[in-house]
Amino acid sequence: MNSCKFEFHPEYWEGAADRVRQPEPCPYPTLGDTDYCAFHSADVVSMLYSSRQELQRVYKETIRQVGRIKLLGCTVLYLDFQDLQEVVDLDEPISIGYSTFNHKIDLSQMKFDDNVNISGCNIPSLIIQNSTLSEYLNLWDSSVAVFDLSKTEIRGDSHFENTTFGTATFNNTTFHGTASFCEQEPEDATIKEVSEEIGKRGAEFALPANFLGTEFKNLAIFSGVNFNTTAIFSDAIFRLGGSFKRVKAKVGMHFGSARFLGRVDFSEASLGYTGFNSAHFEDVIRFEDVTFGGQFPPYLTTSISNHITAEGIQSSMNYASACQKAMRNHFYAFLASQMWDLSASFAGSRPDDYFYFENVSATSPIEFTQLSFDYLALSAEIHRHRRDAISLEGANINRGELIVKDADKTRYQLSHATLGAVDLGWPNGESAFNNLYIADTRFDGFDFSNYRRSLIDSDWIIDGVALKQNDQEPLKRETTYSKAKAGAAQQGDTHSESNFLIRERRFRRERYISDIKSVDSYKDKLKLGVNIISNYLYDISCEYGENPRRILSWSISSIFIFSFVYWLTKEIIIEKKNLVIQINTQQSIEYLNFSLQAFTSFFLPGNLAPEAPIIHFISSIESFIGAFLTALFVATIVRTIER
């Protein structure tokens, strides 16, 4: 048996030197009287054998004589791999490199006990369904129009570096080893080199990539991968975590109900319109320097695409085309219809560990509603003219930080949320709370004393209503400041507690004013009117018992005012003298002394025309006011001391 004279020299094939270290001889026998085997005599084979059956017979007989598949640098017209199982030893590695196939490769329902290596090939269709690979699966530097790796178990590592996929399906496949879709780092690489170089030569997916129910038992490395439309990872499991660093998804990604049991890194990625609805993050997750969103939300694809075509807007045509392809995927179409205008949605997800979402930019709102964070580091901007917000409505943030870098691009919606030991960061010239929309928010461990200067500058307004030009109902604002007061009291911050109580009571008065306009009963109107007046008097007299200095000011003012009234009454009314104001020091002191004594006693002091009933009446009024203000002053002082 003469051997084929073809010898594969890696230096003559682009990229082959990285995969093949030395020249490789062809193991197959020659075809007839030629010097080459059937796989390296494509012209002869195509002339001699025209039917698929004849081609299969020739190729099968060629492989039978060696018992293994090793195809390098050839063009294969037709080869049914399923029909080769009886002539191939699957305990031997399968090597296919730098070849072109005119028909699909079907390796389904097979058990491979050695490596399967495919590199530098052009393949119209590669199907590996319901198979078991005991060792490595390597698909390098290739172009595969249709790739289906469904319901397959791969016990070794898998590598898909620098491969371009058309339609790609990995549904319900289990990767026991590392699954890498980019260049492997050298074993002697430093940490810095790994960080800088990771994501080189990443795979590319021209059409939607499906990883539904895929289980990654080891690391999943998608760094630097390009998804030209979308990728679906619904119900996928990442047991040791993974890396999506520098991933680019032109339209978006779908991680619905995915489970991340290990650390996952999405840093420097461009994720489009992506949903993590009901995902479970059991370890640290990082979204640092990530971009979300796109030119327009995918659910608007049909209407906007028609407009783009009609107007001939070239810059948007590629994006619109990618959106159309993505929306043909039912899973992503459903996600897009649920997300609407959101750039990213984490609704229903469970972050159990540190959640880093820093230096993130988006083109529309981001949703974290009803989530519970043990630690959240959040710094995000929305680059759109509308006043969109990062929604944390109903969220529970135990620890973390909320950072505002640009007051015009960041809004945090915190209504009905719970803030624990959270630190705030804000730009110079702004209030710490200007960009926080706080409504019915609970504070459990939040330290207002850290923001005393900012609170004073903003007159203790924390709900961001003034900035947003968005009116809340007085009842909601009253509840907001009541909860802020309770949060400050929990921390022992009596100064903040006092100021929030004042705001709470003032918004209660606004609620009374709002209610009086809506009730029809005169009895209810009268009751509300009394409440408004008493609330107002309580405010101006002592700021609801929180300001003893104001009571002291009122008391001193009352003494001086009544001393003038006594002078006016005696000189003008009783003695009927002409109104001529002259300063008489001794007389002034007598009137002040009389007023002071009347203020501090219910008995008529001195002998200032005691027979005049009007003096009795005025003195009684002053005595009542004095007793009331004195009692109020004592109560306020006691309240302050108790705090």
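The values are calculated or read from the model by the stated rules, or taken from the named source; none is laboratory data. Predicted model only: the values in this text are computed from it and were never measured. In this analysis, Cβ positions are derived from the backbone assuming ideal geometry, glycine residues included, and neighbour counts consider all displayed protein chains. The accessibility values were calculated without ligands, DNA or RNA, using every heavy atom of the protein model including side chains. Shrake-Rupley method; radii C 1.70, N 1.55, O 1.52, S 1.80 Å.
Okay, here's what the table says:
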item	result
Selection status of residue 573, in contact with a helix residue (DSSP H, G or I) (Cβ under 7 Å, 6 or more places away or on another chain), farther than 18 Å from residue 626 by Cα and at pLDDT below 85	yes
Residues of region 49-67 satisfying the condition of being more than 20 Å from residue 122 (Cα to Cα) and either open to solvent by 60 Å² or more (accessible area, probe 1.4 Å) or of a type in the set (Asp, Glu) (or both)	50, 53, 54, 57, 61, 64, 65
In region 29-48, the residues that are farther than 18 Å from residue 100 by Cα, open to solvent by less than 90 Å² (accessible area, probe 1.4 Å) and either assigned to a loop (DSSP other than H, G, I, E, B) or of a type in the set (A, V, I, L, M, F, W, C) (or both)	30, 31, 32, 34, 35
Any chance residue 420 is at pLDDT 90 or above and surrounded by 15 or more Cβ atoms within 10 Å (Cβ to Cβ)	yes
Which listed residue is at pLDDT 95 or above and aliphatic (A, V, I, L, M), from 271, 300	271
Sole residue being without any contact (Cβ under 8 Å) to a residue 60 or more places away in the chain, over 25 Å from residue 283 (Cα atoms) and surrounded by 20 or more Cβ atoms within 10 Å (Cβ to Cβ), chosen from 317, 339, 327	327
Hits in region 421-464 - residues which are under 23 Å from the mean Cα position of the chain (by Cα), farther than 23 Å from residue 408 by Cα and of a type in the set (A, V, I, L, M, F, W, C)	421, 443, 446
Members of region 203-220 found to be aliphatic (A, V, I, L, M), closer than 15 Å to residue 176 by Cβ and surrounded by 24 or more Cβ atoms within 10 Å (Cβ to Cβ), listed by number	220
Residue list for region 126-164, restricted to those being part of a strand (DSSP E or B), open to solvent by 20 Å² or more (accessible area, probe 1.4 Å) and either more than 18 Å from residue 183 (Cβ to Cβ) or hydrophobic (A, V, I, L, M, F, W, C) (or both)	127, 132, 140, 145, 146, 148, 153
Subset of region 371-393 (residues that are surrounded by fewer than 18 Cβ atoms within 10 Å (Cβ to Cβ) and modelled with pLDDT of 95 or more)	372, 374
Residue selected from region 591-629 under the condition open to solvent by 70 Å² or more (accessible area, probe 1.4 Å) and within 25 Å of residue 545 (Cβ to Cβ), by the criterion modelled with the lowest pLDDT	602
Strands (runs of 3 or more DSSP E) enclosed by region 226-288 - at least 2 residues per element that are more than 20 Å from residue 213 (Cβ to Cβ) and open to solvent by 10 Å² or more (accessible area, probe 1.4 Å)	285-288
Flag if residue 76 is touching a helix residue (DSSP H, G or I) at 6+ places or on another chain (Cβ under 7 Å), farther than 16 Å from residue 120 by Cβ and either at pLDDT 90 or above or among the basic types (Lys, Arg) (or both)	no
Within region 79-110, tally of residues that are touching an Asp or Glu at 6+ places or on another chain (Cβ under 9 Å) and open to solvent by less than 50 Å² (accessible area, probe 1.4 Å)	11
Pairs, first among the aromatic types (Phe, Trp, Tyr) in region 73-96, second open to solvent by 60 Å² or more (accessible area, probe 1.4 Å), C-beta under 6 Å, six or more apart	78/52
Region 1-24, residues that are among the charged types (D, E, K, R) and farther than 21 Å from residue 37 by Cα	11, 14, 18, 19, 21
Candidate set: region 2-16, residues that are farther than 10 Å from residue 120 by Cβ and surrounded by fewer than 13 Cβ atoms within 10 Å (Cβ to Cβ); chosen: the one farthest from the chain's Cα centre (by Cα)	2
Test for residue 406: is it among the charged types (D, E, K, R), in contact (Cβ under 8 Å) with a residue 24 or more places away in the chain and under 20 Å from residue 443 (Cβ atoms)	no
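For every residue, the table says whether it meets (1) within 20 Å of residue 126 (Cβ to Cβ); (2) modelled with pLDDT under 90; (3) over 55 Å from the mean Cα position of the chain (by Cα).
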{"site": "26", "(1), (2), (3)": "no, no, no"}
{"site": "29", "(1), (2), (3)": "no, no, yes"}
{"site": "43", "(1), (2), (3)": "no, yes, yes"}
{"site": "82", "(1), (2), (3)": "yes, no, no"}
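For every residue, the table says whether it meets (1) crowded, with 18+ Cβ neighbours inside 10 Å; (2) of a type in the set (Asp, Glu); (3) touching a strand residue (DSSP E or B) at 6+ places or on another chain (Cβ under 8 Å).
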{"residue": "488", "(1), (2), (3)": "yes, no, yes"}
{"residue": "494", "(1), (2), (3)": "no, no, no"}
{"residue": "498", "(1), (2), (3)": "yes, no, no"}
{"residue": "504", "(1), (2), (3)": "yes, yes, no"}
{"residue": "514", "(1), (2), (3)": "no, no, no"}
{"residue": "517", "(1), (2), (3)": "no, no, no"}
{"residue": "522", "(1), (2), (3)": "no, no, no"}
{"residue": "543", "(1), (2), (3)": "yes, yes, no"}
